[in-house]
Amino acid sequence: MVSSGLGAVNPLLIRRIFDDALFSDEGCPDRGLLYGLIGLMVGLAASASAIGVVKTYLAAGVGQQVCGTCAEACTPGSRECPSASSPRRARVRSSRD
């Protein structure tokens with residue numbers, strides 16, 4: 001949700017770059033504002049990427065916990081394992097298959 005919000009800010013910053021920094025009422029580009037807005041855009045892109053990495057890391061951790069829970073519930077030689085994500089029983093391959 002936050003990364004989507006960060007992505008929505010980018011077009012607003014681009015408009016601000018063109019309207020206020022490059023083509024201001026004074027006729028000269030405002031380099032200080034331009035550099036600041038570009039720096040803000042780069043920072044937002046880096047933040048959105050970092051959030052994506054954290055989300056992927058957390059999702060992988062949850063997936064590993066679910067798989068670990070299922071593996072712990074199975075006994076050696078068991079052919080069925082209760083799945084953590086479904087009320088049905090998931091079929092697990094044993095070493096005899």
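Some points to look at:
- Between Ser24 and Asn10, the distance separating the two model label sites (each 7 Å from Cα on the Cα→Cβ line) works out to 2.6 nm.
- Calculated from backbone phi, Karplus (6.51, -1.76, 1.60) coupling profile of region 12-22 in Hz, x at Gly/Pro: 5, 5, 4, 4, 5, 4, 6, 6, 9, 8, 8
- Net charge of the neighbourhood of Ser24, taken over other residues with C-beta under 12 Å away and scored Lys/Arg +1, Asp/Glu -1, is -3.
- Approximate spin-label separation Lys55-Val2, in nm, with each point projected 7 Å along Cα-to-Cβ: 1.2
Read-outs: derived from the displayed coordinates by stated rules, not from any lab. What you are looking at is a predicted structure, and each value in this text was computed from that prediction instead of being measured. As a convention, Cβ positions derive from the backbone with ideal geometry for all residues, glycine included, and neighbour counts pool all protein chains shown.
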